[in-house]
Structures are given as C-alpha cells and as structure tokens.
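Computed from the coordinates by the stated procedures, all read-outs in this text should not be read as laboratory data. Because the structure is a prediction, the values reported are computed rather than measured. All Cβ positions, even for glycine, are placed from backbone atoms using ideal geometry, and neighbour counts span all protein chains on display.
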Amino acid sequence: MKPTAPPYPEGRRLLAGKTVLVTAAAGTGIGYAVARRCAEEGARVFLSDLHERRLREAAEKIERETGVRPGYLLCDVTQQAQVDALVRAATGAWGHVDVLVNNAGLGGYAKVVEMTDAQWSKVLDVTLTGTFRMTRAMLPHMIARRAGAIVNNASVLGWRAQEGQSHYAAAKAGVMALTRCSAMEAAAHGVRVNAVSPSLATHEFLAKVTPQGLLDQLTAREAFGRGAEPWEVANVIVFLASDLSSYMTGECVSVSSQHP
C-alpha cells in the first residue's frame, strides 16, 4: 500500500489576531501552504512572490478556502528596494507585522567542477542573502514593538551532503547560521528567530524540476516511505510563529523522517 499523509488539520486559532508576511507564497509549495495554514489559524496574511499571475491566484485561492483576504505585492528578494517596499506595504496594510516567514529560495543541480560563478551566486543571493535582506528590513519594526517572530526556511542539506547541491547546501547552512546569530541579537528586544529544515516536501513544482529517479531515491530515504506534504512543514512553521514556542529562539528544527 502506498504511504499516505494523515488527514489535513483543522485550525485551532493558534495565530488569532496576528499578522504574517510570507515570501515566495505563490504556487504549490511550502510558502503557499504556510500562508493558507496561517490564515486557517486565525492570522491576517500578506503574500509576496516573483510571479504576478501566480501571486494573484494564490491570494484569491486562500480567500476562497479560508475566508481571509490576503494582501500581496510582487517582490524580488535580490533587490533591496523591492524588499523595503514589501515591508512598507505589509506594515502599512496591517499596522504592524507579527511574523515574517522567509521562504524565498532557489535550488538547482550542478557539480562543483562544472558550476559557474553565476549559478553559485544566484542561489546564494536568493536563498541566503535574500533571507538576510528581509530580516534586516523587518527587524527594526519588530524591535520597536518589542515583539515578533521570524521563521526561516532552511533545509536538512545544511547538515547533510548531497551530490550536485553544494551551492544550495551552502546557502541553507548559511540560513541556519544567520538564524542563530540574528536570534541572539534580537532576543533582548523580545523578538524570536527560528528556522525549519525540511528534507523532502512533495509538490507539483518539485516534480516538474526534479528527475523522477532522484525523487524516488530521496523518497526511499524517508522512514515514512513518502515525502512530506507541504502543509506538514507548514504546521511546524505555524508552531514556531505561535506563542506556543515562546521560549525557542535560534533553533533549527528538522522536519524530516530521513535516515542516512
């Protein structure tokens, strides 16, 4: 029998009254799942992405599914001016932002001896430096309110090795280090910074850009015999965004059933 995920969870108002900004929230992956789960948990949400049509469709779909109408704005996290505009738009729409979910990231496959400077730089600019830019832009607003939570999307590849993923793994390891260090700076101001590190989250876009043989290989390493549903990763992000994790900061939580 093919392994299946548990039933989709019901909302428990874990984020009631909170405002949440999610980057890279269009499409079928973790970002969209986070935005939907946050809305289902009672939050007001603000979305961003690079793709105008998909971003609009994501906002409309969340409204249909949850009754919550998200705000949204296009944003390329490699452009500081767009990052600043996104933070202004989100804080302007809701008065403040309680939670920032840094989900924007870029992968790819290239062996080190074949990797170009452009391939290396693009992955690090989106995945690591983009997370830094968003964090830098948002922290002053949270520090001024002496409240807030930032949740970064890292990866188990920040800890584990995989062929062809040197640029992505280096970027995600950097996200983990950024999480820990920025958490120490923010703690005195009542702001928490944590990260999730998923192994394999299965969704439509991943299947389009990843060879089936590699997907089968990665799936075989998961103890449950399947990849995570994006909403299963989103559940952990919701926990880190909520007051239930009030004593956690600087942590990188593995969302994985992967074994060596």
Please report the Cα spread of the range 36-140 along all three principal axes, rounded to whole Å, starting with the longest.
-> 50, 31, 22
Sequence order, the range 116-133: Karplus ³J(HN,Hα) from phi using 6.51 cos²θ - 1.76 cosθ + 1.60, θ = phi - 60°, Hz rounded, Gly and Pro as x, gives 8, 4, 5, 4, 4, 5, 5, 5, 5, 5, 6, 7, 9, 5, x, 5, 4, 4
Long-range tail of P(r) for the chain (Cα pairs > 29 Å, %) | 25 percent
In sequence order, what are the phi-derived ³J(HN,Hα) couplings for the range 20-26 according to the Karplus relation 6.51 cos²θ - 1.76 cosθ + 1.60 with θ = phi - 60°, rounded to whole Hz, with x for glycine and proline?
-> 10, 10, 10, 8, 6, 9, 8
When SER246, SER121 are ordered from fewest to most other Cβ atoms inside 10 Å of their Cβ, what list results?
-> SER246, SER121
If the chain between LYS111 and HIS51 were fully extended at 0.36 nm per residue, the gain over the current Cα-Cα distance would be 18.8 nm
Output row, site ARG69, 7 Å Cα→C-beta label point, backbone N cut-off 16 Å, window the range 16-58, residues 44-47, 56-58
List the residues whose amide H sits under 5 Å from the amide H of ASN102, counting only those 5 or more places along or on another chain, with H placed 1.01 Å from N in the peptide plane.
-> VAL151, ASN152, ASN153
Which of ALA177, ALA118, ALA39 moves most in a GNM of the chain, Cα contacts under 10 Å?
-> ALA118
GLU185 versus TRP159: modelled label distance in nm, points set 7 Å from Cα along the beta carbon direction | 2.6 nm
Would you mind telling me which residue in PRO230, PRO140, PRO198 has the biggest mean-square fluctuation in a Gaussian network model of the chain, where springs connect alpha carbons within a distance under 10 angstrom?
-> PRO140
Least to most buried among ARG36, ARG64 (fewest other Cβ within 10 Å first) = ARG64, ARG36
Along the range 37-42, Karplus-curve 3J(HN,Hα) (6.51, -1.76, 1.60; θ = phi - 60°) to the nearest Hz, with x for Gly and Pro, reads 5, 5, 4, 5, 8, x
With the chain treated as a Gaussian network of Cα nodes joined by springs under 10 Å, which of TYR32, TYR168, TYR109 yields the largest mean-square fluctuation?
-> TYR109
Exposure-ranked with fewest Cβ neighbours within 10 Å first, THR23, THR116 stand as THR116, THR23
If amide H atoms are built 1.01 Å from N in the plane of the peptide, which residues on other chains or at least 5 residues away come under 5 Å of the amide H of GLY148?
-> ARG192
